[in-house]
Amino acid sequence: MLTLQNPNGLSRAVVALLAGNIVFDVPLALIDIRSLAAGDTDLSDPAVIGSVDLNVAYVVSFLVYLATVVVFIVWFHRLRTNAEVWAADLQSRKPGWAIGGWFVPIGNWWIPRGIAADIWRASRTEPYAADGKGELTLLNGWWVCFIGGSMADWISMQLYKRAETVEAYDTATVWSLAGYALGIVAAVLAILFVRRLTSMQHTKATGMIPAAQ
């Protein structure tokens, strides 16, 4: 028999890690801007990046991102489990998809978003009510920025691999900058989404799980 699980601690960890991503993405985006302004393709030149060690920055940024992915998915699965208790018939996919759906090629562009919408509906006071106007705007905004940022990152990496001229390098850098910008917006919206959905579940489960601290 399924029981409710407290998502409050995990939500705080997710929010902290998302904020950490922003802390790294902002200066890395500024480095891209500075590189474009300087017209210099040699990022190993201290004159271009100042005292920032790019290799270290990228490694730490990736580790923070990886930790965010792991903790976010654990939080996401916990909320999906709670949704099963409240409105199992509204869930279009089994709880395992809250984990596996993120790793399905191409399908991960829409599967997690659909699961998130199902969780949202189960977590509100009236699960079976029709969606209110603009109710899923926060979710949709986060998802569009997240997918857009991921695509921009992929495009920039492909362009960097083939860049042989300053113009080609600048084009790759523009895509990289777009990826950072969308990623920062996505992280902000994700923080709002995590806090909102966790609060919805806490409100619904008041008296069943410990209060948020």
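A short reminder: the numbers here are calculations on the coordinates, not readings from a lab. These numbers were taken from a predicted model, which means no experiment stands behind them. Cβ atoms come from the backbone with ideal geometry, glycine included; neighbour counts cover every protein chain shown.
Taking a point 7 Å from the Cα of residue 206 along the Cα-to-Cβ direction, the residues of segment 1-33 with backbone N closer than 17 Å to it are 7-8. Annotation: extensible slack from residue 60 through residue 93 equals 8.4 nm (criterion: 0.36 nm per residue apart, minus Cα-Cα distance). Straight Cα distances below 24 angstrom link residue 94 to the lysines 204, with same-chain residues fewer than 8 positions distant left out.
Fully extending the segment from residue 85 to residue 195, taken as 0.36 nm per residue of separation minus the present Cα-Cα distance, adds 37.6 nm.
How high is the FRET efficiency between residue 126 and residue 23 when r is their beta carbon distance and R₀ equals 35 Å, given to the nearest 0.05? The calculated FRET efficiency here is 0.35.
Extending 7 Å from Cα along the Cβ direction at residue 34 and again at residue 165 yields two label points whose distance is 2.8 nm.
Entry note, the chain: the mean residue ellipticity at 222 nm calculated from DSSP H runs of n ≥ 4, each adding -39500 (n - 2.57), is -24500 deg cm²/dmol after division by the residues and rounding to the nearest 500.
Here Rg/Rh (Cα atoms, Kirkwood Rh) was computed from the coordinates, and among (1) 1.05; (2) 1.21; (3) 0.99 the match is (1).
One decimal place: the segment residue 106-residue 16 gains 29.6 nm when fully extended, by the rule 0.36 nm per residue minus the C-alpha distance.
If I take every Cα pair under 8 Å that is 6 or more residues apart in the chain, average their sequence separation and divide by the length, what percent do I get for the relative contact order? RCO, the chain: 31 percent.
3J(HN,Hα) couplings calculated from phi for segment 85-94 with the Karplus curve 6.51 cos²θ - 1.76 cosθ + 1.60 (θ = phi - 60°) are, in sequence order, 5, 8, 7, 4, 6, 8, 8, 6, 9, 5 Hz; Gly and Pro show x.
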